[in-house]
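What follows is a short report on a single structure.
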Amino acid sequence: MTNFLVRTLANAGALWVAVWLLKDITLTGDSTSREVLTLILVALLFGLVNLIVKPVVRLLSLPLFVLTLGLFTLVVNALMLLLTSWLAEKLDLSFHVEGFWTAVAGGLIISIVSWALNMLLPDGD
């Protein structure tokens, strides 16, 4: 359970950095506490998308991973971020990613920051 919380907080931090760096990834709220709550909910949603959908997409696109020597990972990460944005909109969360190339940049930022935060935060074992 602790590991889940640490990963969710790392995802929330990584999403916040992406929102801060890229003007086409937006998170709006009427107060700071509302934005933090939205960020945590989007991080949970992003974690679920990566847990459920991403393995299926990776398996189905395995030849593209091999052909591009793993660079197709950027496309898959972008698609997962766009799916999270779409689901957030359906769930009335104020998180939006505008466009594929923004999602590619956002996915790259989120991957790097999430990796760094997971290295710094305790793993709960």
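State log₁₀ I(q)/I(0) for the stretch 1-65 at q = 0.12, 0.23 Å⁻¹ as given by the Debye formula over alpha-carbon point scatterers of equal weight, solvent excluded. Once normalised to I(0) and log-transformed, intensities are -0.39, -0.98.
Between rounded, prolate and oblate, where does the stretch 54-125 land on the alpha carbon gyration tensor, with a ≥ b ≥ c its root eigenvalues, rounded for a/c under 1.5, else prolate if a/b exceeds b/c? Taking the square roots of the gyration eigenvalues as a ≥ b ≥ c, the stretch 54-125 is oblate.
Working from Cα pairs under 8 Å separated by at least six residues, relative contact order for the chain is 40 percent. Using a Gaussian network for the chain with springs between C-alpha atoms less than 10 Å apart, which of these wobbles most: ILE109, ILE52, ILE25? Checking each option, the largest mean-square fluctuation is seen for ILE52. For the chain, the calculated P(r), taken from all Cα-Cα distances in 10 Å bins from zero up to the bin holding the longest distance, is 13, 44, 34, 8, 1 percent. Using a cutoff of 8 angstrom between alpha carbon atoms and counting only pairs six or more residues apart, the relative contact order for the stretch 1-47 works out to 48 percent.
Using a 10 angstrom cutoff on alpha carbons, build the Gaussian network for the chain and name the most mobile of THR84, THR102, THR28. Maximum among the listed residues: THR28. Computed from phi, the 3J(HN,Hα) profile of the stretch 110-117 under the Karplus parametrisation 6.51, -1.76, 1.60 (θ = phi - 60°) reads 4, 4, 5, 5, 4, 4, 5, 5 Hz, with x in place of Gly and Pro.
Each value in this text was obtained by applying a stated rule to the coordinates, not by laboratory testing. Because the structure is a prediction, the values reported are computed rather than measured.
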